[in-house]
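Worksheet: one structure, shown below.
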Amino acid sequence: DTEVTQTPKHLVMGMTNKKSLKCEQHMGHRAMYWYKQKAKKPPELMFVYSYEKLSINESVPSRFSPECPNSSLLNLHLHALQPEDSALYLCASSPGPRAGTEAFFGQGTRLTVV
Amino acid sequence: AQTVTQSQPEMSVQEAETVTLSCTYDTSESDYYLFWYKQPPSRQMILVIRQEAYKQQNATENRFSVNFQKAAKSFSLKISDSQLGDAAMYFCAYRSPLRLTFGTGTRLQVTL
């Protein structure tokens, strides 16, 4: 199994809603990542978990809250989002945090905030 | 912080021809890796090829090869015998511990 699975594939939410994005991998990877990608732009790093510990937070607003309950699962909790948060949210995993390890990506969740 | 630059927003190539996508980067680190990722309309980022900075030999993967010039901090991707399925957004990426930094991307069109 070399897949990173993200659910849901599409999500529309109001600015007062609370929702969560889910990312799962069963490759035994110990590093997991959240990226945000706006249209026609490159992915931008949001969070990195290494061995289930939050290692990087790229000054992301607190309305985005990551969680890594175990080594296979990564969540992104969303609350009180703004329309400008509408984007493709990509999850990735790699065997470890070292530079030589390849990152595998999921298909992303297309988020629309209305 | 590392920066990755792709100076070609769009490129076009005829089927069966060869095309080269450019990438430059800036870093003060010595231990890093470089990758080319492809993102088709399906949205999933797919690894095309990787290069270890400590290796002088250019990486090749079937029809894909790189020209890695470490001193110039240049890392271009050559696609030979282009196919319709190669049409996608291509991102150059710099990999350091815990981070993967992407360039701005080059949209490749493949024409008949």
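If you go through the stretch A:38-72 and pick out every residue that is under 15 Å from A:Thr109 (Cβ atoms), aliphatic (A, V, I, L, M) and at pLDDT 95 or above, you end up with 1.
Could you please let me know if B:Ser76 is surrounded by fewer than 17 Cβ atoms within 10 Å (Cβ to Cβ) and over 27 Å from A:Arg110 (Cβ atoms)? Show your work before the answer.
Details: surrounded by fewer than 17 Cβ atoms within 10 Å (Cβ to Cβ): no; over 27 Å from A:Arg110 (Cβ atoms): yes.
No, not satisfied.
Any chance the stretch B:78-96 includes a residue that's more than 12 Å from the chain's Cα centre (by Cα), within 11 Å of another protein chain (Cβ to nearest Cβ) and in a strand (DSSP E or B)? Yes; the residues of the stretch B:78-96 include at least one that is more than 12 Å from the chain's Cα centre (by Cα), within 11 Å of another protein chain (Cβ to nearest Cβ) and in a strand (DSSP E or B).
Across the stretch A:45-96, the number of residues qualifying as outside any strand (DSSP E or B) and either surrounded by fewer than 20 Cβ atoms within 10 Å (Cβ to Cβ) or under 13 Å from the mean Cα position of the chain (by Cα) (or both) comes to 18.
Residues in the stretch B:1-55 that are farther than 24 Å from A:Ile56 by Cα, more than 8 Å from chain A (Cβ to nearest Cβ) and among the hydroxyl-bearing types (Ser, Thr, Tyr): B:Ser7, B:Ser12, B:Thr18, B:Thr20, B:Ser22, B:Thr24, B:Tyr54.
When the stretch B:97-112 is examined, which residues are found to be more than 7 Å from chain A (Cβ to nearest Cβ) and at pLDDT 95 or above?
Across the stretch B:97-112, the qualifying residues are B:Thr106, B:Arg107, B:Leu108, B:Gln109, B:Val110, B:Thr111.
Restricting to the stretch B:34-57, name every residue that is surrounded by 12 or more Cβ atoms within 10 Å (Cβ to Cβ) and farther than 21 Å from B:Ala88 by Cβ. Explain how you work it out, then say what you get.
Narrowing the stretch B:34-57 to residues surrounded by 12 or more Cβ atoms within 10 Å (Cβ to Cβ): B:34-40, B:43-53.
Of everything in the stretch B:34-57, those that are surrounded by 12 or more Cβ atoms within 10 Å (Cβ to Cβ) and farther than 21 Å from B:Ala88 by Cβ turn out to be B:Glu52, B:Ala53.
The values are calculated or read from the model by the stated rules, or taken from the named source; none is laboratory data. Please read these numbers as outputs of a predicted model, since none were measured by experiment. Methodologically, a virtual Cβ is constructed for each residue, glycine included, from the backbone with ideal geometry; neighbour enumeration extends over all protein chains shown.
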